[in-house]
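Novice: For reference, the structure I am asking about is given below.
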Amino acid sequence: MALDQCVPYPADKKLAATGVARTFDWAGRCLDRHNTLKVESNKHGGPLMFGIIQGSVYNDLRTQSAEQILSLDFPGNAIGGLSVGESKQEMEDTLTHAIQYLPAEKPRYLMGVGYPEDILMAVSCGVDMFDCVLPTRNARTGNVFTSRGQITYRNADFADDNRPLDPDCDCKVCRRYSRAYIRHLYNQSEITGMGLASYHSSYFYQNLMRSIRKAVEENRFEQFRREFLDTYRAGPDA
Ligand SMILES: [Zn+2]
């Protein structure tokens, strides 16, 4: 990724405009240097560099940033500066506006997102790539993602719960260990508990992305999205 300036939320327009200008300046310099290094180090390809669109929640700044970054002709383009505290509606509105400028034949990457419902919304808008710390960060603090929403496995409710973290999951953790056991490990500050929980949540996200790709290929993504969210929002004990 080219270096960028991701302004905090909320940011006034002056600060957001400064971020857009600096992001463009750095993008050009990063790409020049990247291309120089690439030519020197590997004549047969090597890593690609993506540019990043900034502009906070201001549509005109997003337009300006998109035009600037696209003028540099990166092999892939990212939308940054979302999931920094804005509402879900602002995220969706800004993404819907910004992504219309990004060519569909190049990867479109939404940085730092996110929750399963946000990923599904973004795929619906045309996003191809994501990254997020949520599955592992939450798992390390006692919370996992399941097909029926998040559960805080460290809670006392799970002290005698012999079901797996996610009864619908076939990962190696869910096939072998109970919520009660993983909770016990966590509460004894035994790091294996966090490891098992992180493994499950990472598996859950991999599985979600695999299912999304399949649904897109089979032209039934919106149906998949509805069905997934119906179950996900029903809650763990439904
Ligand atoms: Zn699992």
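The values are calculated or read from the model by the stated rules, or taken from the named source; none is laboratory data. Nothing here was measured: the structure is a model prediction, and the numbers come from that model. Cβ sites come from the backbone with ideal geometry, for glycine too, and all protein chains shown count toward neighbours. Calculation scope for accessible area: heavy atoms of the full protein, side chains included, ligands and nucleic acids excluded. Shrake-Rupley method; radii C 1.70, N 1.55, O 1.52, S 1.80 Å.
Novice: Once both axes come from the Cα atoms, what is the angle between helix 88-99 and the longest principal axis of the chain, in degrees from 0 to 90, rounded to 10?
Specialist: Rounded to the nearest ten degrees, it is 40.
Novice: Something else about it: In Å², and per residue, what accessible area does the chain have when probed at 1.4 Å with the other protein chains present?
Specialist: It amounts to 52 Å² per residue over the chain.
Novice: For the chain, what number of Lys pairs, 8 or more residues apart or on separate chains, have alpha-carbon atoms under 27 Å from each other?
Specialist: Within the chain, the lysine pair count is 8.
Novice: Also, quick follow-up: Could you report the accessible area of Cys30 in Å², rounded to 10, computed with a 1.4 Å probe on the protein chains as they sit in the structure?
Specialist: Roll a 1.4 Å probe over it and Cys30 shows about 30 Å².
Novice: Also, I was wondering about something else. Ignoring everything except DSSP H segments at least 4 long, calculate the 222 nm mean residue ellipticity for the chain; use -39,500 (n - 2.57) per segment, divide by total residues, nearest 500.
Specialist: -16500 deg cm²/dmol
Novice: Now a separate question. Given that compact globular proteins tend to follow 2.2 N^0.38 Å, what is the ratio of the alpha-carbon Rg of the range 177-238 to that value?
Specialist: For the range 177-238, the normalised Cα radius of gyration comes out at 1.47.
Novice: May I ask what percent, to the nearest 5, of DSSP beta bridges between residues of the chain are antiparallel?
Specialist: Given both bridge residues lie in the chain, the antiparallel proportion sits at roughly 25 percent.
Novice: Over all distinct Cα pairs, what is the inverse of the mean 1/r for the chain, reported as the Kirkwood hydrodynamic radius in Å?
Specialist: 19.7 Å
Novice: Continuing with this model, one more query. In µm²/s, what is D for the range 58-193 at 4 °C and 1.567 mPa s, where D = kT/(6 pi eta Rh) by Stokes-Einstein and Rh is the Kirkwood radius from Cα pairs?
Specialist: It comes out at roughly 75 µm²/s.
Novice: Continuing with the same structure: Tally Lys/Arg at +1 and Asp/Glu at -1 over every other residue whose Cβ is under 12 Å from the Cβ of Glu86; what's the total?
Specialist: Here the count lands on -3.
Novice: On to the next question. Enumerate the calculated ³J(HN,Hα) couplings along the range 19-33 in order (Karplus 6.51 cos²θ - 1.76 cosθ + 1.60, θ = phi - 60°), each rounded to whole Hz, writing x wherever the residue is Gly or Pro.
Specialist: Taking θ as phi minus 60°, the curve returns x, 5, 5, 5, 4, 5, 4, 5, 4, x, 5, 5, 5, 4, 5 Hz for the range 19-33.
Novice: Are there any GluC sites (Glu not before Pro) in the range 88-197 that are in a DSSP loop and have at most 16 other Cβ atoms within 10 Å? List them by number.
Specialist: Glu105, Glu190
Novice: Could you pull out every residue, at least 5 positions away or on a different chain, whose amide H is within less than 5 Å of the one on Ala78? Hs are placed 1.01 Å off N in the peptide plane, and Pro or chain starts have none.
Specialist: Residues meeting the amide H criterion: Gly51, Ile52, Ile53, Tyr109.
Novice: Which residue, Ser124, Ser71, Ser83, has the most motion in a Gaussian network model of the chain that connects Cα atoms within less than 10 Å?
Specialist: The residue that fluctuates most here is Ser71.
Novice: Let me ask something additional. Within the accessible area of the chain, what % is carbon and sulfur when the probe is 1.4 Å and the other protein chains stay in place?
Specialist: 49 percent
Novice: Under a Cβ-Cβ cut-off of 12 Å, what is the net charge of the residues other than His184 that fall near it, where Lys and Arg count +1 and Asp and Glu count -1?
Specialist: 0
Novice: Two decimals is fine: what's Rg over Rh for the range 140-201, C-alpha atoms, Kirkwood radius as Rh? Provide the component values of the computation, followed by the final result.
Specialist: Details: Rg = 9.9 Å, Rh = 11.0 Å.
Radius of gyration over Kirkwood radius for the range 140-201 works out to 0.90.
Novice: Using θ = phi - 60° and the Karplus curve 6.51 cos²θ - 1.76 cosθ + 1.60, what whole-Hz ³J(HN,Hα) does each residue of the range 220-230 get, with Gly and Pro shown as x?
Specialist: Karplus-based 3J(HN,Hα) across the range 220-230 equals 9, 5, 5, 5, 4, 4, 4, 5, 4, 5, 4 Hz.
Novice: Could I ask something else about it? Could you report the accessible area of Leu134 in Å², rounded to 10, computed with a 1.4 Å probe on the protein chains as they sit in the structure?
Specialist: Result for Leu134: roughly 10 Å² accessible.
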